[in-house]
Amino acid sequence: KKYLIRAALEGIVFSFYYGLNILQQTGIQPNKIRSGYANLFLSRVFSTSLASISGAVIELFDTDGAQGAARGAGIGINYYKNPTEALFGLKLLEKIYPDENLTKDYIEIYNLLKSNIRKHINNFERYILLIMFSVLVLSRFCPFKNDFNSYMCYSLSSTLIFIVLIIGFIFCLE
């Protein structure tokens, strides 16, 4: 049970890291993550994993997610002059630093996961194209009439499409 929970937490960390990579592509280089000591940040596994893979120091404050979101929005609309002013009155509870011993392993696992997901997404895209092609074939070869031959055509075509989809789905999971 504990391994399943850890895997789920690390999966969320990898998703978070994916988002951080997108930010980095826009020129934003986050080196510090500030959060309330709440939700996922209550988990040492989550916090340490995130700090290690991102290379960012995590600062946890004595607040919750709702207040943190409100203060973040205040920064975004220039209600606060700067992030330091937005944090005024909050107590810094803890700083979590990246564990360099874990960084290489987490990045290696992340890259492996990312390449496997891309492979399955590519297979899934092929699967969707197969569905679209099958529907196109069905609509092209079966007349839209209210007679027995039309019903038989749709029935046979639907059965064939179902078989193709099942086979496609199996290959999608390879």
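The values are calculated or read from the model by the stated rules, or taken from the named source; none is laboratory data. The shown structure was predicted, so the numbers you read here are calculated from the model rather than taken from an experiment. Note: ideal-geometry Cβ built from the backbone for every residue, glycine included; neighbour counts use all protein chains shown. Calculation scope for accessible area: heavy atoms of the full protein, side chains included, ligands and nucleic acids excluded. Shrake-Rupley method; radii C 1.70, N 1.55, O 1.52, S 1.80 Å.
Worth pointing out:
- Protection proxy ranking, highest mean first, for peptides 1-9, 16-24, 39-47: 39-47, 16-24, 1-9, where packing is the per-residue count of other beta-carbon atoms within 10 Å, averaged.
- Over the stretch 1-119, accessible surface divided per residue gives 66 Å², non-protein components excluded, 1.4 Å probe.
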